[in-house]
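Read the structure below first, then the notes.
The values are calculated or read from the model by the stated rules, or taken from the named source; none is laboratory data. All values reported here derive from a predicted model rather than from experimental measurement. As a convention, Cβ positions derive from the backbone with ideal geometry for all residues, glycine included, and neighbour counts pool all protein chains shown. To get the accessible areas, we keep the full protein, side chains included, count just its heavy atoms, and leave off ligands, DNA and RNA. Shrake-Rupley method; radii C 1.70, N 1.55, O 1.52, S 1.80 Å.
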Amino acid sequence: EMTMEERQRAEETLVQYLDQCSGEVANSDFPRKRCEICFASCCLYCENCFRIIADQKSLNHLRLPFQLDVILDDHRTRATGVHAKTLVADGCRLFDYGEGEKLPDYSTVEGTFLLFPDAESQPLSSVDATSIKRLVVLDCRWTKSSVRFEPTLAALQKLHLDQVPSESQYWRWHNAGQGMLSTIEAIYYSAWQVATARSDWTDADREQMVQL
């Protein structure tokens with residue numbers, strides 16, 4: 001189970017990292033560049049090719065304690081799941097539902113769960129952490145998107161975070177109340193909780209995920 005102490009530790013790690021980044025950004029220049037593949041004008045990363053454009057010292061390729069599928073039904077410029085696809089090079093897939101991309105058939109894939117906090121979802125701690133092979137997350141505007149009703153997603157067992165921070169650290173304003181996180185924050189806290197429950201993940205392994 002994700003205890004209050006562990007959630008606070010994950011949150012403190014995140015806040016400290018963001019404070020550090022704020023100081024670095026204030027004293028650094030991240031000019032826009034052309035992506036070498038699609039030639040789009042980018043700053044930190046290319047949202048089309050999922051390539052890091054910024055100095056490699058600033059961003060590193062990460063690993064998570066599960067495979068990750070991001071189902072996108074929003075503009076890429078404001079979709080935070082794109083960050084995960086860019087940073088988790090070998091463990092993340094992104095399917096652009098809004099552009100008509102076909103979703104995988106999860107009916108025959110064991111160990112796949114949907115991160116979706118509704119009345120039917122179960123806490124992450126109710127599932128053996130080693131059994132979570134792939135986590136599916138939705139990157140969309142929940143009030144307008146219909147992707148959650150897709151049969152391949154509706155059939156998945158739903159999970160939610162045991163402990164949710166009361167305040168989101170994401171810059172975009174919303175009026176949905178406390179406990180509402182951006183997609184990338186939900187991925188971070190889910191990965192932290194699963195890694196905490198696994199003996200093969202160290203404190204350092206968990207803390208590196210804060211770069212998400």
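Here are the numbers:
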{"item": "For region 76-86, 3J(HN,Hα) per residue [Karplus equation, 6.51 cos²θ - 1.76 cosθ + 1.60, θ = phi - 60°, Hz, x = Gly/Pro]", "result": "5, 5, 10, 8, 6, x, 4, 4, 5, 4, 6"}
{"item": "Backbone HN-Hα couplings from phi across region 95-100 [Karplus 6.51/-1.76/1.60, Hz, Gly and Pro as x]", "result": "10, 8, 4, x, 9, x"}
{"item": "Gain upon complete extension [Ser131, Ser107; 0.36 nm per residue less C-alpha separation]", "result": "7.0 nm"}
{"item": "Structure-based [θ]222 nm, the chain - -39500 (n - 2.57) summed over DSSP H runs of at least 4, per residue, nearest 500", "result": "-7500 deg cm²/dmol"}
{"item": "Distance in nm between pseudo-label sites at Cys43 and Thr77 (7 Å out along the Cβ direction from Cα)", "result": "1.2 nm"}
{"item": "Label-point separation in nm, Tyr170 to Thr152, each point 7 Å along Cα→Cβ", "result": "2.3 nm"}
{"item": "In sequence order, calculated HN-Hα J values of region 186-197 (Karplus, 6.51, -1.76, 1.60; Hz; x Gly/Pro)", "result": "4, 5, 4, 5, 5, 5, 4, 5, 5, 5, 4, 7"}
{"item": "Per residue value of the accessible surface for the chain (all protein chains in place, 1.4 Å probe), Å²", "result": "55 Å²"}
